[in-house]
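Participant: Could you have a look at this structure, given as structure tokens, before my questions?
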Amino acid sequence: METILFAALAIVAILSALLVITTPAPIVSALYMVVTLFCLAGFYVLLAAPFVAAIQVIVYAGAILVLVLFVIMLLNLRKIEEKLAITWQVAGIVVATLVLAASFIAIMSNSGTLPSKPDVEHFGKVADVGNLLFTKYLYAFEVVSVLLLLAVVGAVAMIRKPDSGEPNAD
């Protein structure tokens, strides 16, 4: 049963991830990203890590995607006028397919280049995640929070119109 559920989640995740990068409309692309993130949360549930799955949904599918949608709306993106020639699009798809196929064959062949199986006995427990987050990865946690703050400030600065009293910056 787990194998069938994994296969279904994997197919949906791959298709929705491809639609994220191929859909021309940014809002629709963000909605496909929600589907991809929910599939990743399903993978965490299959790994018996419900806390990590809940964080995936709350933080990424909730907060980060709302931030992405706000940036899309604030930038007021128009339809892209320039398009690549169809030959370049086909070439990109062929190259990506070859790279993914080669990766899949290398993984499935058990060539011995894969790392050893990690210890996942305590994977996804609240106490373990909190302990790692606020000890070993505290610096990375703070850097990510500052980066997100800078992204919001940058988006607001890009759409801000100068006041009538300020000289035009252009």
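Participant: Here are some conditions: (1) outside any helix (DSSP H, G or I); (2) under 18 Å from the mean Cα position of the chain (by Cα). LEU40 meets all but one. Which one does it not meet?
Facilitator: The one condition LEU40 does not meet is (1).
Participant: Looking at segment 16-75, which of its residues are closer than 27 Å to LEU132 by Cβ and among the aromatic types (Phe, Trp, Tyr)?
Facilitator: PHE38, PHE43, TYR44, PHE51, TYR60
Participant: Scan segment 14-25 and give yes if some residue there is at pLDDT below 85 and small (Gly, Ala, Ser), otherwise no.
Facilitator: Yes, some residue in segment 14-25 is at pLDDT below 85 and small (Gly, Ala, Ser).
Participant: Starting from residues that are of a type in the set (Gly, Ala, Ser) and free of Cβ contacts under 8 Å to residues at least 60 places away in the same chain, keep the ones in segment 25-52 and report whichever is surrounded by the fewest Cβ atoms within 10 Å (Cβ to Cβ).
Facilitator: Within segment 25-52, the match that is surrounded by the fewest Cβ atoms within 10 Å (Cβ to Cβ) is ALA25.
Participant: Name the residue that is farthest from the chain's Cα centre (by Cα), counting only residues in segment 1-24 that are without any contact (Cβ under 8 Å) to a residue 40 or more places away in the chain and loosely packed, with under 13 Cβ neighbours inside 10 Å.
Facilitator: MET1
Participant: Sticking with this structure for a sec: Here is a list of conditions, (1) at pLDDT 85 or above; (2) aliphatic (A, V, I, L, M); (3) under 30 Å from MET158 (Cα atoms); (4) exposed (fewer than 11 other Cβ atoms within 10 Å of the Cβ), and VAL95 meets all of them except one; can you say which number that is?
Facilitator: The failed condition is (3).
Participant: Scan segment 43-53 for residues that are out of contact with any Leu (no Cβ under 7 Å at 6 or more places or on another chain) and in a helix (DSSP H, G or I) and report the count.
Facilitator: 6
Participant: Consider GLU2 carefully, then state whether it is of a type outside the set (S, T, N, Q) and modelled with pLDDT under 85.
Facilitator: Spelling it out, it is not the case that GLU2 is of a type outside the set (S, T, N, Q) and modelled with pLDDT under 85.
The values are calculated or read from the model by the stated rules, or taken from the named source; none is laboratory data. This structure is a prediction, so every number in the text was calculated from the model and none was measured. Reconstructed Cβ throughout: ideal geometry from the backbone, glycine too, with neighbour counts over all protein chains shown.
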